[in-house]
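S.K.: The following block contains the structure, expressed as structure tokens.
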Amino acid sequence: MTTAIAIAYHSGYGHTKKQAEAVAEGARNAGAAVSLIAVQDISAEDWATLDAADAIVFGAPTYMGNVSGQFKVFADATSKPWFQQKWKDKIAAGFTNSASINGDKYASIQYLWTLAMQHGMVWVGTGLLPSNSKSATRNDINWLAGSGGALAQSPSDASPEEGPLPGDLETARLFGARIAAVTAQFVKGGR
């Protein structure tokens, strides 16, 4: 049985879109059907896709210490499916990108987690150990040490072709594969 994963994201400059595409690639390679939904252009069909998905992955850049305003507009609009409990017991996960190595991006992951908890969803973290040894390099998997969600960094003057870096994109692909695997287990078990 193929599971359906919807990735609802905002990308202001293209960096977070690139991260969303890497999460999608990992999930597709693990056998899931994936829909990418840019929340700033969300349609009625996109809302139906979210409602029908087995898992929803939230993605937003971190601007000024939290998710972008465009993502927050989408999050506020999810009160309609929340009121009907349409997303209850779906798998949820999240990712973010910022220009700084830290940039308070974990506040964005916590926001995405809280949004999922408001909906009664089941959160999946990265399941990846951090690359935190002396020999670690910036291009290692999970160099930014995200456990609750995938983290990426793109310099403020970098184009989407230059960032996020390969290690962050591989982290996103592995995260997508994990989301697909957990979703398949959850659906098979009778969500």
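S.K.: Among the listed pairs LYS18/LYS134; LYS17/LYS134; LYS105/LYS134; LYS72/LYS188, give every one whose C-alpha distance is greater than 26 Å.
M.R.: Details: LYS18/LYS134 29 Å; LYS17/LYS134 31 Å; LYS105/LYS134 24 Å; LYS72/LYS188 32 Å.
With Cα atoms farther than 26 Å apart: LYS18/LYS134; LYS17/LYS134; LYS72/LYS188.
S.K.: While we're looking at this one, here's another question. Using a 1.4 angstrom probe on heavy atoms only, work out the carbon and sulfur share of the accessible area of the chain in %.
M.R.: 53
S.K.: Can I ask one more? Let me know the volume per residue of the alpha-carbon convex hull for region 1-87, in Å³. Walk me through the intermediate numbers first.
M.R.: Values: hull volume 7.8 nm³, N = 87.
Hull volume normalised by residue count: 90 Å³.
S.K.: Moving on. Rolling a 1.4 Å sphere over the protein heavy atoms, what is the accessible area per residue of region 110-166, to the nearest Å²?
M.R.: It amounts to 52 Å² per residue over region 110-166.
S.K.: Related question: Looking at the chain, send over the antiparallel percent of its DSSP beta bridges, to the nearest 5.
M.R.: Antiparallel: roughly 10 percent of the beta bridges in the chain.
S.K.: Can I ask one more? Could you work out the Rg to Rh ratio of region 87-191, with Rh taken as the Kirkwood radius (inverse of the mean 1/r over all Cα pairs)?
M.R.: 1.01
S.K.: Here's something else I'd like to know. Of the listed values [x] 1.38; [y] 1.02; [z] 0.95, identify the label whose number matches Cα Rg over 2.2 N^0.38 Å calculated from this model.
M.R.: Given [x] 1.38; [y] 1.02; [z] 0.95, the structure-derived one carries the label [z].
The values are calculated or read from the model by the stated rules, or taken from the named source; none is laboratory data. As the structure is a computational prediction, the values presented were derived from the model and not from experiment. Keep in mind that these areas ignore ligands, DNA and RNA; they rest on the heavy atoms of the full protein, side chains included. Shrake-Rupley method; radii C 1.70, N 1.55, O 1.52, S 1.80 Å.
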